[in-house]
Amino acid sequence: MTAREAIETLILTYAELVDAGNFDGVGALLSQATYAGATTVTGQEAITQNFHNTVIRYADGTPRTRHIVTNFLIKVDEQAGTATSRSTFTAYQSLPDFPLQPIAVGHYDDTFTRISATWQFTTRQVTVDLAGTLTHHLRT
């Protein structure tokens, strides 16, 4: 797997874990990272707790969302074992009393480090550029 493929896989895995409501998995994926969204937290336990505290999960254990990630701009420095990425996300949500709709459009600014042959997140900055109705997704 190329560095670019490995980094795309990390970015897409994050979206899959959030949509599955697997916040322990999100924390594990970002265990060596600083996550900056509405708040900034560092490390597996703090990131996991942040997601449990802020994202609403429903009876099926999920936030009833689907994050679509596009427009990957990945720059890899193979010699240094580092990389940066910017990607765009659109988050959709649907509930029985809330018809399917986009609730947020934004971008991720990420940095990565290669340890041995494995790439990992070192930072994730989440920026919401266009917000829809987030009241069914995030606790205030």
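No value in this document is a laboratory result; all are computed from the given coordinates. Here the structure is a predicted model, which is why all the values come from computation and not from measurement. Backbone-built Cβ (ideal geometry, glycine too); neighbour counts: all protein chains shown.
Given an 8 Å cut-off on Cα distances and at least 6 residues of separation, report the relative contact order of the chain as a percent.
Reported as a whole number, the value is 23 percent.
So how tilted is helix 3-20 from the main axis of the chain? Cα-based, degrees 0 to 90, rounded to 10.
20 degrees
Roughly how tilted is helix 44-54, in degrees to the nearest 10 and between 0 and 90, from the longest Cα axis of the chain?
20 degrees
When ranked by the protection proxy of mean other Cβ atoms within 10 Å per residue, highest first, what sequence do the peptides 128-135, 79-86 form?
The most tightly packed comes first, giving 79-86, 128-135.
Who wins for biggest fluctuation among Gly106, Gly61, Gly25 in a Gaussian network model of the chain, springs between alpha carbons below 10 Å?
Largest GNM mean-square fluctuation: Gly61.
How far is it, in nm, from the label point at Leu138 to the one at Leu95 when both lie 7 Å from their Cα along the line to the Cβ?
So the label points at Leu138 and Leu95 sit 1.6 nm apart.
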